[in-house]
1. Write out, first by first residue and then by second, each pair whose Cβ atoms fall under 7 Å of each other, whose residues are 6+ apart or on separate chains, and whose first residue, in the range 91-113, is over 17 Å from A181 (Cβ atoms) while the second is surrounded by fewer than 23 Cβ atoms within 10 Å (Cβ to Cβ) and of a type in the set (K, R).
2. Considering every residue within the range 256-264, establish whether at least one is within 15 Å of ligand 2 (Cβ to nearest atom), farther than 13 Å from S167 by Cβ, crowded, with 22+ Cβ neighbours inside 10 Å and not small (G, A, S).
3. Within the range 168-181, how many residues are over 26 Å from P114 (Cα atoms) and open to solvent by 10 Å² or more (accessible area, probe 1.4 Å)?
4. Give, as residue ranges, the helices (runs of 4 or more DSSP H) completely inside the range 21-127 that count at least 1 residues that are at pLDDT 95 or above and within 16 Å of ligand 1 (Cβ to nearest atom).
5. For the range 186-197, give me each residue that is touching a strand residue (DSSP E or B) at 6+ places or on another chain (Cβ under 7 Å), more than 11 Å from ligand 2 (Cβ to nearest atom), assigned to a loop (DSSP other than H, G, I, E, B) and open to solvent by 10 Å² or more (accessible area, probe 1.4 Å).
6. Out of all the residues in the range 65-78, is one or more touching a residue at least 40 places away in the same chain (Cβ under 8 Å), among the aliphatic types (A, V, I, L, M) and farther than 22 Å from H225 by Cα?
7. Taking the range 168-215, which residues are among the aromatic types (F, W, Y) and within 15 Å of ligand 1 (Cβ to nearest atom)?
Amino acid sequence: FSRAKKNVKIKVKRAVIRHHRRSGTVLFSDTTLRDGEQMPGATLDPIEKLQIAKALEAAGVHSLDAGFPASSQADIEAIQSMVGVIKKPVLTALCRTLPGDIDAAELALAGNPPHKRGVSLFCGTSPLHRQFKLEKSKAEVLKLIVDSIQYAVEKFDIVAFSPEDASRTEPDFLCEVYREAIAAGATTIGFPDTVGILTPYKAQNFICQIQDQVPGIENVLLAVHFHNDLGLAVANTLACIEAGANVVQCTVNGIGERAGNAALEEVAMALYLHQDEFERPHHLNISQLEPLCQLVSNLTGISLSPMKPVGGCNIFATEAGIHQDGLLKNPDTYLPYRPETVGADGIKLVLGRHSGKKAILHRLHELGKEPNEKVLQRVLVAIKELPKGELVDDDLLLRLSD
Ligand code: KIV
Ligand code: ZN
């Protein structure tokens, strides 16, 4: 009876995976609360994690890599606080290939429905990791992986496995690892570029090779996970979507180890703006992206560069006269998308040395003033003589009565 029940479970799991694969949907797996939080200085307490998890749910992510239960009691508490509260995304917990880690994940996720909880196992597979970190042979590493997956599938319906440092693992061994992982019962296989060394071309080649050389891949989801050491994490993620990856692992604002991870909001906006190229739907609610970026920045204390795509304070601001004039005529002249698309406040015309008459007049109109040409000219001259920075409203109004 129990074998029959197991077979039904496998059939159901496969049907769900086939559904995702056939729909071509790009599934966003967010790891802000795990890989993102691993970043020095980004530590979050359980209440803050829950707040971000709620915002990620509202933004429509498919799954949440919620923490690493074996690493701390705070991680367990944070995950427990999400159980029964975060209802739509699948909650996953990171585990090494150790039974104790899987037990800790089981404890943290207890109470969540089976189709909404999973483990994300990882084990280093590259020569560097095998020799120096694990001090294990290929055969020993394979055994560790298979044993832990078999242990995990007894407890979880959703079992992801990622060969850590996959991008520096011998391709033949990598494919062998995936074959064994799938045979042992993994439902998702991950491809992490742990030290962020790939280019889009090489990343795509890996994904194509895996799809060609791993029988049974059609029964699992293929997830990609890029670090940003060469500033290519988003480009690599997009290249892999084109090559057929089903799941993309990202963090909000790209926070994460060293140079960070692929930024969720950047991948989402590229997919949104280039639907013709990717032809892959996703379920992210992009109008939530900018507030999500601000929330993560505020709670982690990791501030955003002014130029940060989506969340940076200069993304919808300009000081240049020609751009200001164009934006006033039609915002699309100098923007790739409107601020409201991502839930941002609006365009900001900064008055500074590079500004022109049109923006000054526009701001004065907003302040209820109707200057004549002479006054306008005087303000313009004053702005051109500004040593540095911005002419704020009070100073602007003062110039009217000079
Ligand atoms: O970058 C990485 O390899 C990881 C693993 C834990 C999947 O974050
Ligand atoms: Zn990572």
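1. L91/K116; E106/K155
2. Looking through the range 256-264, at least one residue is within 15 Å of ligand 2 (Cβ to nearest atom), farther than 13 Å from S167 by Cβ, crowded, with 22+ Cβ neighbours inside 10 Å and not small (G, A, S).
3. Summing the residues that are over 26 Å from P114 (Cα atoms) and open to solvent by 10 Å² or more (accessible area, probe 1.4 Å) in the range 168-181 gives 5.
4. 73-82, 99-109
5. Correct list: T187 only.
6. Taking every residue of the range 65-78 in turn, at least one turns out to be touching a residue at least 40 places away in the same chain (Cβ under 8 Å), among the aliphatic types (A, V, I, L, M) and farther than 22 Å from H225 by Cα.
7. Y178, F191, F206
Here's the yes/no breakdown for (1) on the phi > 0 side of the Ramachandran plot; (2) hydroxyl-bearing (S, T, Y); (3) buried (at least 17 other Cβ atoms within 10 Å of the Cβ):
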{"residue": "T125", "(1), (2), (3)": "no, yes, yes"}
{"residue": "A139", "(1), (2), (3)": "no, no, no"}
{"residue": "K143", "(1), (2), (3)": "no, no, no"}
{"residue": "Y151", "(1), (2), (3)": "no, yes, yes"}
{"residue": "D157", "(1), (2), (3)": "no, no, yes"}
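The values are calculated or read from the model by the stated rules, or taken from the named source; none is laboratory data. As the structure is a prediction and not an experimental result, all values here were calculated from the model. Note that each Cβ is placed from the backbone with ideal geometry, even for glycine, and that neighbours are counted across all protein chains shown. The accessibility values were calculated without ligands, DNA or RNA, using every heavy atom of the protein model including side chains. Shrake-Rupley method; radii C 1.70, N 1.55, O 1.52, S 1.80 Å.
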